[in-house]
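To start, the structure under review is shown below, and the notes come after it.
The values are calculated or read from the model by the stated rules, or taken from the named source; none is laboratory data. These figures come from a predicted structure and were not determined experimentally. Heavy atoms of the whole protein, side chains included, go into the accessibility calculation; ligands, DNA and RNA do not. Shrake-Rupley method; radii C 1.70, N 1.55, O 1.52, S 1.80 Å.
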Amino acid sequence: QSLVLASISFLFLLLGVVPQVNILVDTYGTAAMHFYSGITPYLAPKPWLDQFKYSPLFAMGFGAITQAAGHLHIPPSLATVHIWNLINVFFFWFGICRWRDFRIREPWWHLIALAACFVELDTATWYCHSNALIVGMTLLGIAEFRDGRHLTAGMILMLASNFKILPALFAVSLLLSFKPTYFYGLAGCGVITFFLPSLVVGLRKNLDFHQE
């Protein structure tokens, strides 16, 4: 059902999104280009761009998206937007569907909640924010913890926290459960996400980028 909902959302995006509104994608892409060139992704942005506020790992990952977009038979900027939004809508609905089975008949107000999800997703993806991705990953991580898969939960929530600070509130609060495997997943993924960009830019520059 997450694939069905993601497909419906992505279809609406294909019909509605235009490249002119994707300032954030240009910001992410510029940061990724700087990162892979060994230049800090946190340079003062050009007048029409936003300030890059994410981790070096985010810049590294978005660079992989732009490289994949270059192999499609549509303009690379538009391909990057579609790939980015596809990732966002999939993780958003994957996270939502871990908490709600839409195949089961529910009270009428659940339809309103579903409509609200579509509205939030539409807003986030229209402006190409990362909010849908972060929300989906956070819901997924908490669902894994609920279902007893504590190691996976720690890894997912740490990865989400590497991208944005908000998931860290949930990641830290779940430490109060004193589940050793959750701590191992959280700590292990934290080390990996911190040092992984070193494979591209080297350890020294990776440390410098994190300091910035």
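Over the range 91-212, what percent of the accessible surface lies on carbon and sulfur atoms, probe 1.4 Å? Spell out each step's value before the answer.
Values: 5020 of 6960 Å².
That fraction is 72 percent.
Assuming 0.36 nm per residue, please report the length gained on full extension of the stretch H129 to A113 beyond their Cα-Cα distance.
Values: separation 16, 0.36 × 16 = 5.76 nm, distance 2.10 nm.
Answer, rounded to one decimal: 3.7 nm.
What does the C-alpha gyration tensor say about the overall shape of the range 126-199? Classify as rounded when a/c is under 1.5, otherwise prolate if a/b is larger than b/c, or oblate. Working shown, then result.
On the way: a/c = 2.14, a/b = 1.24, b/c = 1.73.
It is oblate, given that a/c is not under 1.5 and a/b is not larger than b/c.
Give the accessible surface of the range 129-197 per residue, rounded to a whole number of Å², with probe radius 1.4 Å and ligands, DNA and RNA excluded.
Heavy-atom accessible area per residue stands at 49 Å².
Taking square-rooted eigenvalues a ≥ b ≥ c of the alpha carbon gyration tensor, is the range 71-200 rounded, prolate or oblate, where a/c under 1.5 means rounded and, failing that, a/b exceeding b/c means prolate?
On the way: a/c = 2.39, a/b = 1.11, b/c = 2.14.
Judged from the Cα gyration tensor, the range 71-200 comes out oblate (a/c at least 1.5, b/c at or above a/b).
Among the lysines, which fall within straight-line cross-link reach of K164, defined as a Cα-Cα distance under 19 Å, with same-chain neighbours fewer than 8 residues apart omitted?
Cα-Cα hits under 19 Å: K53.
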